[in-house]
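FYI, it's all coordinate maths here, none of it is from the lab. Quick caveat: nothing in here was measured; it's all calculated off a predicted structure. In this analysis, Cβ positions are derived from the backbone assuming ideal geometry, glycine residues included, and neighbour counts consider all displayed protein chains.
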Amino acid sequence: MDTNGMPQSPAGDWRSYERMLLPPIQDLHELNVYEEHGGYDRLRRVLEDDEFAPGDVTDAVKASGLTGRGGAGFPTGIKWTFMPEPDDRPRFIGVNADESEPGTFKDRQVMEYNPHLMLEGILLAGYALHIDTAYVYIRGEYTDWIVHLKKQLQKAYEAGYVGEDIMGSGFTMDIVLHKGAGAYICGEETSLMESLEGKRGYPRYKPPFPAQSGIFGSPTTINNAETLAHVPLIVEQGGEAYSNIGAGDMPGPALYGMSGHVKKPGVYEFPTGMPLTDLIHDVCGGMARDKAMKAFVPGGSSTPPIRAENIDGLTMNDESLGEVGSRTGTFCPLVLDEETDMVSFLRRVAHFYQDETCGQCTPCREGTSWLEKILARIDEGEGRMRDIDLLLELCDNMDGGRTICAFADGAVGPVRATVKRFRDEFAAKCQASVHPVSTDVSAGAESAVAATE
Amino acid sequence: MPIVTVDGTTYEYEGEQKLLQFCLNQGIELPHFCYHPAMSIPANCRQCLVKVGMPKEDRESGEVVRDDEGEPEIQYFPQLQASCTVDLRDGMVVKTHRTSEEVDQAQTDNLEFLLTNHPLDCPICDQAGHCPLQIQSYKYGPEGSRFEFRKVHKPKRVKLGPRVTLDAERCINCTRCTRFTDEVSESNQLTIANRGVKNHPITAPGETFDDPYSMNTIDICPVGALTSADFRFKARIWEMSSTPSITTTNATGANCHYWVRDNQVLRITPRQNMDVNEYWLPDEDRLVYNKFNDNRPPGPHIRRDDARTQSNWEQVYARAASLLGSADPERILFLGSAYATVEDNYLLTQLAEAVGADAPRYLPHVEPGAGDDWLITDDKTPNAAGCERLGIRPVDEELVGSQIKGDEYDLLYVLEDDPVSAGLCTADDLADTDVVLHYYNTTNETLSRATAALPAAMVVETVGTYVNQDGRAQRVRPAKEIQGVNRTLMMEMGTNREDEHGTPFDRWHNDENRINCKPSWEMLPKIAQRYGTDMDYPKGPEQIMDEVQSTMAAFEGATYDAMGLKGVPLEDVEAGEAV
Ligand SMILES: Cc1cc2nc3c(=O)[nH]c(=O)nc-3n(C[C@H](O)[C@H](O)[C@H](O)COP(=O)(O)O)c2cc1C
Ligand code: SF4
Ligand code: SF4
Ligand code: FES
């Protein structure tokens, strides 16, 4: 389907898209302004309307096709159906606002500009899943946002939207803010639960899954902060209508957190499925230094970078990015121009994972540190040709179920992809190495030899 | 019964079980570090990976899909599984490193990672020689290392507490130690600090790891990261022999190993017995080893007037016998001992009977409130229950104390105890009383009053039986040699030591540090014979115990064979009913 000679993208006519998550309304974060614009009406409707059973909210979310915005893209409605029937145990929601993935800064915007949308979403989810308490786990560095959210939550409590017998419906639910202490790993859902319980943020192995045994061993659903902010929109429009927004495989609005070498970085709201080139050139005003682009990292540092020459025709949804071996992640792209040294880039990314691994699993603890050391030495011009294959081999020894959580997969993804896709740059740095032995050694599979050579 | 197939062999199983533990129970070794059967499963070492499959089921009918030969078709999980977390399911098929190259390689890869930052200071490490990391690296590890960088440096000698010192570089972060304090001892004193390769266990700032069970973390640490402040760098594992036995610090009768080099006990570690102490041993049970080495007597002696003279065994036996012969039987007090074995106490009862004196009594050593409802008991003796079953009752300390003071006894016959330090009487009270004393250490406060002093073998030097507070009879074996020749001790030592086939140049033939003492079961018959009664057990304590268990219902079934290494529970008896 062509329109004006332009291929139609899943994002459709994004130029005339009207924002829903972050609408342009002055002081929307204030409860009264939010109320003036229909705030908490959706919750009221669900609570007051006898026709609206908890299961209907879940059904609407299922029909909407909403996928999680925390990075893994799991269908939210399906996740909710994993919750067991209510029994005598308390039930919890963990709202994941730990937002620490490098390059990701969109949950913050929701909390700043539209906190009540998120709170309303939490309450709707709470109603759907018979939740007693929702814990909002917020990244420790977000001090200002914690203060801000606390104030708004207080107002919601005072207005009777949260707490005992909400709006006289008999539904009771608490929302508790919990401040993280500055660890990326606490954004991993099982680690988040441990941390909430006051323990060291060590992920748990699964099964059991959170729905069976989560926070304090009770049924729990963990959702990203932004994900829950979508729920009122779904309840308002109905799942069907929502599912027609954006890309079919992961529909709805999305917050694109653009950073890197673009003229106008920032958080932009558009439907999912945006063409990458439109995002860079039309939304962000093009490349910052008017240089050619080298790489595009679609959604956080753990999503595999895509070479610039491959981005034409790609759109921001997993179906499309999957074709080039990447994924949407958190929908927060990082754009790199031709001046970027991919070895240095990867070294910095590897440093992050080395620093942030919780360190309980052997391959992840030792592997992330080893990867960084190799990358540092290549970057400093001391690499051996065989280091390149060693990097790839170590990646194979770290992921694919060899560890407890997906951190190792996230740490390994960018290394494998960057080394494979930009191998020439790594080779060039090794070739110029001051170590004559290494330049002679071919870069074949056999090239990684023991330390005793 | 449900079945599981491991490396082509099919096993039946019952109930809910984890794959790793099941394999270990079947004698199928799988490398592992973090898993410990007494604690929660963290699955963090990632060493126990295996390939797991299930019979393929037809989606519609739910029937198992079978191949041409009628065998179920197996669908393997694409990812390797940590066997410590896998629940057995009927029909499960497992491939270990023995049948799967993928598993074999994955285990090797994991060890390569484990060793990258490990200091490999095995040549000076206490754990070397029985180190799970060392052993499994040799078995499953890579040939060399591809790691060409400086290893991380972490604190090398952190005093976590008075008894445990950490070498953080050796730590492999298995969290066994922190889980122990969280889940087993429940002191919650240890946690892991830092992230990634800088991880290591530590106490909270300003806190000290003084858990009364702290030293168990040393045993369960799979590397040499946690060391005993006391034992650190003292001996290599292969220089010592370890003898399975029990501790005598209290009435638990915890099973242990005595580690001996050159006839000196250097440390005491727990020995698994699920009916007694499981895997654990309190610190206070371990740090008593010096009493077996220090302040031991130079040999028997005799006191004439106030002069003590070194004597020999023949003379001291004769002296003891003549004292028994010359005293008025009604003015002889026999004191049995809750420290001594059932056999020794039994012979003492017989001797008392032959002499015509009252039955022996024993001195209780109870510290109310000292116990913890776990492995530490108020009773600080190992065999009070054994005494009671033999009909030996506690002394009435007030009455007997005043009788001694009032010189109502001519002779006190004390088996392996110390009435003066126990407060039964003072040394001065004994000025006009003769004392025959079987004793362990020269610190014994009754020793200065002993007319005939007989150095007795301690638990590490003897053979015998103890009954713990739960009525469990357990036997002990000699862990170190004493002077003189005793066939029974030699046989017991020879058959249970790994170093059985040594040469005279090996350490266990070392004459150093052998104590000139004898087990009471050797001394008592000698004295009895000289006194003129017929007491003869040529086969030693085994024969004595056989007689005890066949003649006294309270000990029925407690033969040496039955007790073996783990002991036997005895029938309950009412206190006092035993006689
Ligand atoms: C290492 C790691 C870090 C993560 N950090 C975050 C995070 O900061 N915020 C977040 O929402 N999800 C994070 N996730 C994903 C969560 O585990 C979880 O999938 C998500 O919160 C589920 O919410 P969703 O289904 O709404 O996306 C992380 C995952 C991993 C493996
Ligand atoms: S994979 Fe890494 S981050 Fe995740 S639990 Fe294991 S060590 Fe921790
Ligand atoms: S000190 Fe030992 S027991 Fe504790 S985590 Fe390290 S390796 Fe494990
Ligand atoms: S034993 Fe450590 S992961 Fe299984």
Any chymotrypsin sites (Phe, Trp or Tyr not before Pro) in region B:191-255 that lie in a DSSP loop and have at most 10 other Cβ atoms within 10 Å would be B:F233
With B:G196 itself left out, Lys, Arg at +1 and Asp, Glu at -1 over residues whose Cβ is under 12 Å from its Cβ give 0
Plugging the Cβ-Cβ distance of A:D144 and A:D41 into 1/(1 + (r/R0)^6) at R0 = 25 Å yields, to the nearest 0.05, a FRET efficiency of 0.30
Percent of all alpha-carbon pairs of region B:117-228 at distances over 20 Å, whole number, is 39
Amide H proximity to A:V267 below 5 Å, modelled H, separation 5+ or other chain, gives A:M258
Volume per residue (Å³) of the convex hull spanned by the alpha carbons of region A:342-448 is 82
Using alpha carbon positions and the Kirkwood radius, the Rg to Rh ratio of region A:253-337 is 0.91
Shape descriptors of region A:283-404 over alpha-carbon atoms, Rg and Dmax in angstrom, are 15.7, 45
Sorted on mean Cβ neighbours within 10 Å (highest first), peptides A:397-403, B:188-194 come out as A:397-403, B:188-194
Burial-style ranking of B:367-377, A:206-216, B:80-90, average other-beta-carbon count within 10 Å with highest first, yields B:80-90, A:206-216, B:367-377
Within the protein assembly as shown, the percent of DSSP beta bridges that are antiparallel, given to the nearest 5, stands at 60
Check: C-alpha center region B:507-549 vs C-alpha center region B:231-253, spacing in Å is 24
Check: C-alpha center region A:272-341 vs C-alpha center region A:351-400, spacing in Å is 25
By the mean-Cβ-within-10 Å protection proxy, highest first, B:176-184, B:396-404 rank as B:176-184, B:396-404
Note: A:351-364 gets an average of partner chain Cβ contacts (10 Å, Cβ to Cβ) equal to 6
Relative to chain B, whose Cα atoms define the longest principal axis, helix B:342-355 and its Cα axis are tilted in degrees, nearest 10, by 10
The convex hull of the Cα atoms of the protein assembly as shown, divided by residue count, gives a volume in Å³ per residue of 233
Largest first and rounded to whole Å, the semi-axes √(5λ) derived from the alpha carbon gyration tensor of region A:38-243 read 24, 19, 17
Per principal axis, largest first, the Cα atoms of chain B extend in Å by 94, 55, 49
Nearest 10, in degrees from 0 to 90: the angle of helix B:541-551 to the longest Cα principal axis of chain B is 80
Contour minus Cα-Cα span, B:R487 to B:E445, at 0.36 nm per residue, comes to 11.9 nm
The summed charge of the B:T10 Cβ neighbourhood (under 13 Å; Lys/Arg +1, Asp/Glu -1) stands at -4
Here region A:292-298 yields Karplus 3J(HN,Hα) values (6.51, -1.76, 1.60; θ = phi - 60°; whole Hz; Gly and Pro given as x) of 6, 7, 10, 8, 10, 9, x
Hydrodynamic calc, region B:443-483: Kirkwood Rh from Cα pairs, then Stokes-Einstein at 4 °C with viscosity 1.567 mPa s, so D in µm² s⁻¹ is 104
About its Cα centre, region B:117-228 carries a charge dipole, from +1 on Lys and Arg Cβ atoms and -1 on Asp and Glu Cβ atoms, whose size in debye to the nearest 20 is 480
For B:R393, the residues 5 or more places away or on another chain with a placed amide H closer than 5 Å to its own amide H are B:Y362
Cα-only Rg/Rh for region B:3-111 with Kirkwood Rh rounds to 0.99
Over the protein assembly as shown, the sum of -39500 (n - 2.57) across DSSP H runs of at least four, divided by residue number and rounded to 500 deg cm²/dmol, gives at 222 nm -8500 deg cm²/dmol
Note: B:72-79 gets an average of partner chain Cβ contacts (10 Å, Cβ to Cβ) equal to 1
The rounded separation in angstrom of the Cα centers of region A:174-242 and region B:189-204 is 26
Projected area averaged over all directions for the convex hull of the alpha carbon atoms of chain A, nm², comes out at 22.8
Result row for chain A, helices from DSSP H with C-alpha axial extent 18 Å or more and mean Kyte hydropathy at least -0.5, is A:115-129, A:342-356, A:362-379, A:385-398, A:407-421
Each residue of A:401-407 has, on average, a number of other protein chain C-beta atoms within 10 Å of its C-beta equal to 4
